[in-house]
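Visitor: Got a structure here, written out as structure tokens. Questions coming.
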Amino acid sequence: MKALQVRHNVRRFGAARLLSVTSPRTSARIAPVDLRNVEDPAEPSGSGWVKVRNRLAGICGSDIALIDGHASTYFEDFVSFPFIPGHEIVGELENGERVVIEPVLGHAARGSVPPWDGAAPADGDDYAHLVRGHLKPGIQTGFCCSTGGGWARWFWAHESQLHTVPDEMSDERAVLVEPLAGSVHAALIAAQHTNHHLTDRDSPIFAVLGAGTMGLGAIAAIRGAVPNARIIAGARYPHQMRFAKGFGADVVAPGDEVSRAVRRMSGAHRIGASLSSGAHATINAVGDSASLALSINITRPRGATVLLGMPGESKLDLTPLWHREVALLGAYTYGTEQIEGNDVRTFDLAMALANTIEAERLLSATYRLDQHVEALAHAASAGRRGAVKIAFDVREDQ
Amino acid sequence: MPRPGFVLDVDRSTPPMLFWHGEKFSLERLPADRSRVIYPAESFPGLTDPQAAIRDALEHPLDMEPLRALLHADMKLTICFDDASLSLPKMRRPDSRQRIIEAVLDLAAEAGVDDVHIIAALGLHRRMHDYELRHVLGGRIFDAFAPNGTLYQHDAEDPENLTVLGETDQGEVLEINKRVADSDLVVYANVNQVAMDGGWKSLVTGVASYRCLSYHHNPESLQNTRSLMDRHHSALHHSIWRLGKVLRDNGPKVFQIESTVNTDAFPSPFEFLSKREWEWTARDRMTYLATAKTLDRLPRRAARKIFHGIEAPYAMTGVHAGFTESVHERTLEDVYRQHIVEVEGQTDILTLGVPFISPYNPESIMNPILVMCMGLGYMFNMYRNKPLVREGGVIIMTHPTYRDFHPVHHPSYIDFFDEVLSDTTDPAVMSEKWEKRYAEDEWYRHLYRTGNAYHGVHPFYAWYWGAHGQQWAGKVIIVGGDPTAVRRMGFTPASTMDDAFELASDVVGRSPSITHLHVPSVLVADVK
């Protein structure tokens, strides 16, 4: 079948990385991702595998980072080449049922024993299964050569990954469910850390840096989970500012004004680059060194900074982290959340959130697979070009 | 004898006019046959012996006993003086305040007064740096009083050192510096550059609390102040004079000393700034060209340093002492004699070249809010009777209006620009919605009290200062300003003066009358 496939080519990764700074389009052309005829992936061993025909498949920041060579070497052992990217997927089963995919290839998919009955694919405290079992290594669908991915006509999904899309939900809305699930997970982690030993807990302050899909989703998720929250969003472009405000941010400021906005809201003093107090929790959906330093400095002592979306290598002075006893937490994907004592799947919460915010508004443009250079270039400079989410539309290829 | 101010009707032979453009200049040709330029009077000569004039004023005060008779050994004497917001630019040493205070201290020493405090009456302005105190007061006073803590700066946020003296019949509470209130005699040393200053305003604003200032520094007062240079038609001054009555009835004895200076603001090589353009010599034109080109090439910071380094060769033109109201009336006569220019009728468009400095950025950055304050607050208010521009007319200002703030002096201005102006430019709305939060912000309070920052509420006051002009004008255009900053303030950016005239035509038609207020130096248009 025709598919976009990423091969391990160090020289092309390096060239793409260099050019990504100056020309996203040239970088996308040189990157080791090509539209080619690939062998249909064989059905993985074990039970519960189904064919999913892709309808829409989003382009995530982590896809771009892997393709243009910015991803951390940490992932080298968690992916298997050549792979077909695409993990933000709305597809269709052979019986016509539409599904969104919870892309983590968890215990069930890999023939391992789940950490508990009913666990979500990303749950648990041991990642050994990610490189074991009857699949090649791969943290998710879209990074594993055994299953295929969303940037093709179809791929293999395990039944533990499937979430039925209601008839009334459009493909355009459903394709945003996966990134929104990540946002919800980060928002709930951040909310948990506003409960202990901090003042003004009744109306905690959240700062969200970055207003791409996940940052915007986090704003909406915080507003839903903590109605009394005071939310400050750092956004760069006018359309991001509008969305941030619309999704529930009380204050929206350009990145270089966020620190001042947090100071004003918290009534803090400024001590050098840091605030004396600050946000109860900061969600960082940018991931670079400067934003990480900023996040720690605007989070109040004993608050939390949550990393949403895949960060890269960073150079960071950890002294403020140490002195302020700020918790630096990762928010990788999603799983099972605790809501008022009950286990709830993050994807179910994300489905609801997608409806609340009419998430299809975030889908800015779709491309065919053979337009992948334009699509990837657009996604790599989405903010600057007034866009939020870019996706491949594979419906005509079915 | 200096030539008086006058109104020049522009014709085809009129040369281009000089406009300030922040730390730069431009020459702009105004349309012939429908433009006029208002020139100030030439600078008045200074007193030949200012020291003797001061001594004479102290010995022969107005409606009070001579200062010598008011001083006795066991008394509590407090001397207050105007802060760094005066003069602009700072005057060459010795400053008038130094001359006055030295004369007062000589008499105090003769009388054996040893409980003397000297207080900078800065209201909610930033604390002066030590080098500024030295410049204003001279090394002798600074070295004698600063080390033992008897030379200090008023703190409007120090509850333990504020006291209430009473309230007006309109419920305005006079809350002022405790040392001032408890003194047997308060001497005020003033430098009067414009008619707005002096009188009861010196003490009632200079050593008051935020609460006290908020009775008159608010949108309603400023929108009903017609104008700041005419205290009899100024709601701001009416409130201050009511509070002054409370001070007179319930407070310490006040001995007011007011001095005026001429308009000789610029030394060589900037003398051409004070000349009339058609009288420029070949040397003046060369100097202008060389200066303008140099300033164009210099980084903004360097140009700012040059201008703020200027020491004006101002000369004292008068000094009066005694009862505050009597003194101030004489001061106003002196100021108006120098500043008033009679002007026939209003204009459709008023053009203003906004300079690098305002009362709120000595040794600092003219941020966008101060551009508004200077243009619509001070320059627009340079009138008596009625504004130079007709109601609904257009005000065109020239200034780069860069989005640049002094982080030490103006911290709350940055937040005001980012937060408040993003929400509203309406003084009444911002007063209701935002002012209290800024006024009570602990961080701003800390910086005001211990650093060199303007009070947290000060950007609001700067904005209210322009409230009358903002309300009066149909459109405000800034030529050469940063478009984002200009739009944030609710104004219209234009790249050139011709563009500005084109934009103005939407409001005032194709052949509007134009009036240019020539700056420097200072004038008050008496509009008939």
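The values are calculated or read from the model by the stated rules, or taken from the named source; none is laboratory data. Keep in mind that this is a model prediction, so the values were computed, not measured. So basically every Cβ, Gly included, is an ideal-geometry build from the backbone, and we count neighbours across all protein chains shown.
Visitor: Can you pull out the residues in the stretch A:359-389 that are within 17 Å of A:Pro32 (Cα to Cα) and acidic (Asp, Glu)?
Guide: Matches in the stretch A:359-389: A:Asp370, A:Glu374.
Visitor: For the stretch A:292-309, check the following and say yes or no: at least one residue is buried (at least 20 other Cβ atoms within 10 Å of the Cβ), at pLDDT below 95, more than 14 Å from chain B (Cβ to nearest Cβ) and assigned to a loop (DSSP other than H, G, I, E, B).
Guide: Yes, that holds for at least one residue.
Visitor: How many residues, within the stretch B:431-451, are away from chain A (no Cβ under 11 Å) and crowded, with 17+ Cβ neighbours inside 10 Å?
Guide: Residues in the stretch B:431-451 being away from chain A (no Cβ under 11 Å) and crowded, with 17+ Cβ neighbours inside 10 Å: 4 in total.
Visitor: Cβ-Cβ distance below 6 Å, separation of 6 or more or different chains: which pairs start in the stretch A:254-269 with a residue that is more than 10 Å from every other protein chain (Cβ to nearest Cβ) and end on one that is at pLDDT 95 or above and assigned to a helix (DSSP H, G or I)?
Guide: These pairs meet every condition: A:Ser259/A:Ile298; A:Val262/A:Ile298.
Visitor: Within the stretch B:117-133, track down each residue that is touching an Asp or Glu at 6+ places or on another chain (Cβ under 9 Å), surrounded by 19 or more Cβ atoms within 10 Å (Cβ to Cβ) and not hydrophobic (A, V, I, L, M, F, W, C).
Guide: Within the stretch B:117-133, B:Gly123, B:His125, B:Arg126, B:Arg127 meet the criteria.
Visitor: If B:Ile349 passes every condition in (1) β-branched (Val, Ile, Thr); (2) surrounded by fewer than 23 Cβ atoms within 10 Å (Cβ to Cβ); (3) in contact (Cβ under 8 Å) with a residue 60 or more places away in the chain but one, which one does it miss?
Guide: Result: B:Ile349 passes all but (2).
Yes or no, residue by residue, for (1) without any contact (Cβ under 8 Å) to a residue 40 or more places away in the chain; (2) in a helix (DSSP H, G or I); (3) within 30 Å of B:Asp63 (Cα to Cα):
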| position | (1), (2), (3) |
| --- | --- |
| B:Arg242 | no, yes, yes |
| B:Ile257 | no, no, yes |
| B:Arg285 | yes, yes, no |
| B:Tyr288 | no, yes, no |
| B:Ala292 | no, yes, no |
| B:Asp296 | no, yes, no |
| B:Arg301 | yes, yes, no |
| B:Lys305 | yes, yes, no |
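Visitor: Is it true that B:Thr48 is within 27 Å of B:His458 (Cα to Cα), more than 24 Å from the chain's Cα centre (by Cα) and of a type in the set (Val, Ile, Thr)?
Guide: Taking the combined requirement at face value, the residue does not satisfy it.
Visitor: Look through the stretch A:375-398, keep the residues that are of a type outside the set (A, V, I, L, M) and out of contact with any strand residue (DSSP E or B) (no Cβ under 6 Å at 6 or more places or on another chain), and return whichever of them is nearest to A:Ala65 (Cα to Cα).
Guide: Within the stretch A:375-398, the match that is nearest to A:Ala65 (Cα to Cα) is A:Ser381.
Visitor: If you check A:Leu35, A:Leu19, which single one turns out to be crowded, with 16+ Cβ neighbours inside 10 Å and under 17 Å from A:Asp370 (Cα atoms)?
Guide: Step by step, each of A:Leu35, A:Leu19 is checked, and only A:Leu35 is crowded, with 16+ Cβ neighbours inside 10 Å and under 17 Å from A:Asp370 (Cα atoms).
Visitor: Please give the strands (runs of 3 or more DSSP E) falling wholly within the stretch B:146-223 in which 3 or more residues are assigned by TED's automatic domain parsing to the domain that holds B:Asp83 and crowded, with 18+ Cβ neighbours inside 10 Å.
Guide: Correct list: B:173-177, B:185-192.
Visitor: Consider the stretch A:71-98. How many of its residues are surrounded by 21 or more Cβ atoms within 10 Å (Cβ to Cβ), assigned to a strand (DSSP E or B) and at pLDDT 95 or above?
Guide: 4
Visitor: In the stretch A:269-291, which residues are of a type outside the set (Gly, Ala, Ser) and in a loop (DSSP other than H, G, I, E, B)?
Guide: A:His269, A:Val286, A:Asp288
Visitor: Could you check how many residues of the stretch A:233-253 are within 11 Å of another protein chain (Cβ to nearest Cβ) and either crowded, with 22+ Cβ neighbours inside 10 Å or of a type in the set (S, T, N, Q) (or both)?
Guide: Going through the stretch A:233-253 one residue at a time, the tally reaches 3.
Visitor: Modelled with pLDDT of 95 or more and of a type in the set (Ser, Thr, Tyr): is that true of A:Thr333 in this structure?
Guide: no
Visitor: Let me ask something else. Residues of the stretch A:340-374 being more than 19 Å from A:Arg25 (Cβ to Cβ), outside any helix (DSSP H, G or I) and touching a strand residue (DSSP E or B) at 6+ places or on another chain (Cβ under 9 Å), which ones?
Guide: A:Asp343, A:Val344, A:Arg345, A:Leu363
Visitor: Restricting attention to the stretch A:103-118, which residues are under 18 Å from A:Phe155 (Cβ atoms), under 22 Å from the mean Cα position of the chain (by Cα) and not hydrophobic (A, V, I, L, M, F, W, C)?
Guide: Hits for the stretch A:103-118 are A:Pro103, A:Gly106.
Visitor: What's the number of the condition B:Ser422 fails, among (1) modelled with pLDDT under 95; (2) more than 10 Å from chain A (Cβ to nearest Cβ)?
Guide: (2)
Visitor: Continuing with the same structure: Residues in the stretch B:341-361 that are within 20 Å of the chain's Cα centre (by Cα) and either modelled with pLDDT under 95 or within 16 Å of B:Trp20 (Cβ to Cβ) (or both): how many? Full working, then the answer.
Guide: Step one: of the stretch B:341-361, the residues within 20 Å of the chain's Cα centre (by Cα) are B:341, B:351-361.
Filter again for either modelled with pLDDT under 95 or within 16 Å of B:Trp20 (Cβ to Cβ) (or both), leaving B:351-359, B:361.
Residues in the stretch B:341-361 being within 20 Å of the chain's Cα centre (by Cα) and either modelled with pLDDT under 95 or within 16 Å of B:Trp20 (Cβ to Cβ) (or both): 10 in total.
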